[in-house]
Amino acid sequence: MDSISPKNNPLRIGTLVLKNPLVLAPMAGFTDLPCRIMSRRFGASLAFTEMISAPGLLYNSKRTFEMLQSTEEDRPLGIQLFGSEPKSLATAAKICEEHGADLIDLNCGCPVRKVVKQYAGSALMGDPNRMVEIIHSMVEAVKVPVTIKIRSGRDEDSINILEIAEKIKHLGLSAITLHPRTAAIPYSSKPRWDLIKELKAIVPFPVLGSGGLITDQDVANMINNTGVDGAMLARGALGHPWLFDTSMRRLRGETSIIKPSLPQRVELMKEHLSMMIPLYGEEIANRLFRAHSLYYVSGWPQATWLRGNLNQVSHYSQLCSLLDQYIKEYNNSDNTEALDS
Ligand SMILES: Cc1cc2nc3c(=O)[nH]c(=O)nc-3n(C[C@H](O)[C@H](O)[C@H](O)COP(=O)(O)O)c2cc1C
């Protein structure tokens, strides 16, 4: 039977005490302030910004600083940094602390070429000594907890997460998140949850697991099968922010878990977009929201037709009338029953 052990609830990361073990992952292009707020409303105990360039902060890039925007409701906040120079990451960590970060995470897993070319992200897995230096300087620089997020290795022939764990376990980190896929196969392979279990046996601080958490049952399976301290929800929470709530219910052993109906999901979409408009302006907000709306409508009846139309939306009022029209046509109990997750 699925159950949640008391040690997982709440979760302590350094000085932070989180109300539950479920956190929102950093996701580039997605986890801005409105996306984080949506997840928090359904129970995310911690939410991360997307990865932020340490050099960008040092060069005072306006676009980079905009990514730090936050509010009181957006707490506790994890800011994720990427970079390759110990000094610049220490300075960037201080800047984030001054901007209200409750936790600072170092990206050691990003497979994107633009990042790897700068010897950052997953490139650090090929240079563990540099990773050690960076962690050391970040931990020295700030008072808030410092964590890292990492993959199993750069490719299938260089899976070195457990060797790295031995090197970094006494550097003052407060937690580690493992996404146990390699940088060479970033998302499509089956994540190796067995490595999460092995990592937990090595490090003296909490381990969070990432990878393959699409349904509440996936979340319960990861926590119960690996003994991990917390789960980091990523693609499963995009367009489905209630995954935090349904996963907590599943972990508590509740049997009848009700998900939002089609009309409720429509209201959530409207609310999400309405939070983006003051931040980006009408035009950019609508453009950016398209990526979210594709996740929201996944599994809905006539989703392909709806996606096509959502891609044309350029104004809040257009989104509302399209979705209201859709609901008139398709909202019936059969369709709500059929919603996947
Ligand atoms: C669109 C997208 C953007 C991502 N951006 C980041 C990022 O900025 N930093 C990071 O550490 N991981 C990033 N990730 C990886 C996720 O945080 C997570 O580890 C990964 O999606 C695996 O979880 P899942 O299989 O449950 O989606 C991103 C993933 C996606 C899909």
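The values are calculated or read from the model by the stated rules, or taken from the named source; none is laboratory data. In this text the structure is predicted, and so the values were computed from the model without any measurement. Neighbour counts are summed over all protein chains in view; Cβ atoms, including those assigned to glycine, are modelled from backbone coordinates with ideal geometry.
Could you say whether any residue in the stretch 67-84 is assigned to a helix (DSSP H, G or I) and more than 16 Å from the ligand (Cβ to nearest atom)? Write out each step before concluding.
Taking the stretch 67-84 first, the residues assigned to a helix (DSSP H, G or I) are none.
No: the stretch 67-84 contains no residue that is assigned to a helix (DSSP H, G or I) and more than 16 Å from the ligand (Cβ to nearest atom).
Taking the numbered list (1) within 20 Å of LEU195 (Cβ to Cβ); (2) within 14 Å of the ligand (Cβ to nearest atom); (3) charged (D, E, K, R) in turn, LYS114 passes all entries but (1).
Of the residues contained in the stretch 127-143, one or more are found to be out of contact with any helix residue (DSSP H, G or I) (no Cβ under 9 Å at 6 or more places or on another chain) and not hydrophobic (A, V, I, L, M, F, W, C). Checked against the criterion of being over 25 Å from THR71 (Cα atoms) and either hydroxyl-bearing (Ser, Thr, Tyr) or touching a residue at least 12 places away in the same chain (Cβ under 8 Å) (or both), the candidates TYR326, TYR316 yield just one match: TYR326. Within the stretch 164-185, the set of residues being within 18 Å of the chain's Cα centre (by Cα), closer than 20 Å to VAL23 by Cβ and within 16 Å of the ligand (Cβ to nearest atom) comprises ALA175, ILE176, THR177, LEU178, HIS179, PRO180, ARG181.
Taking the stretch 121-167 as the range and being part of a helix (DSSP H, G or I), closer than 21 Å to PRO204 by Cα and of a type in the set (A, V, I, L, M) as the test, the residues that pass are MET125, MET131, VAL132, ILE134, ILE135, MET138, VAL139, ILE161, LEU162, ILE164, ALA165.
Just for the stretch 85-111: of the residues that are part of a strand (DSSP E or B) and in contact (Cβ under 8 Å) with a residue 60 or more places away in the chain, which one is nearest to the ligand (Cβ to nearest atom)?
Start the filter on the stretch 85-111 by keeping residues that are part of a strand (DSSP E or B), which leaves 103-108.
Now restrict to residues that are in contact (Cβ under 8 Å) with a residue 60 or more places away in the chain: 103, 105, 107.
On the way: LEU103: 13, ASP105: 7, ASN107: 5 Å.
Once the filter is applied, the top-ranked residue is ASN107.
Within the stretch 186-202, being more than 11 Å from the ligand (Cβ to nearest atom), surrounded by fewer than 18 Cβ atoms within 10 Å (Cβ to Cβ) and not in a helix (DSSP H, G or I) holds for ALA201, ILE202.
Taking the listed residues VAL23, VAL17, the one that is in contact with a strand residue (DSSP E or B) (Cβ under 6 Å, 6 or more places away or on another chain), in the same structural domain as ALA90 (by TED's automatic domain parsing) and either surrounded by fewer than 19 Cβ atoms within 10 Å (Cβ to Cβ) or in a strand (DSSP E or B) (or both) is VAL23, with no other qualifying.
Selection within the stretch 289-321: residues that are surrounded by fewer than 19 Cβ atoms within 10 Å (Cβ to Cβ) and hydrophobic (A, V, I, L, M, F, W, C). The member of this set that is nearest to ARG63 (Cα to Cα) is ALA291.
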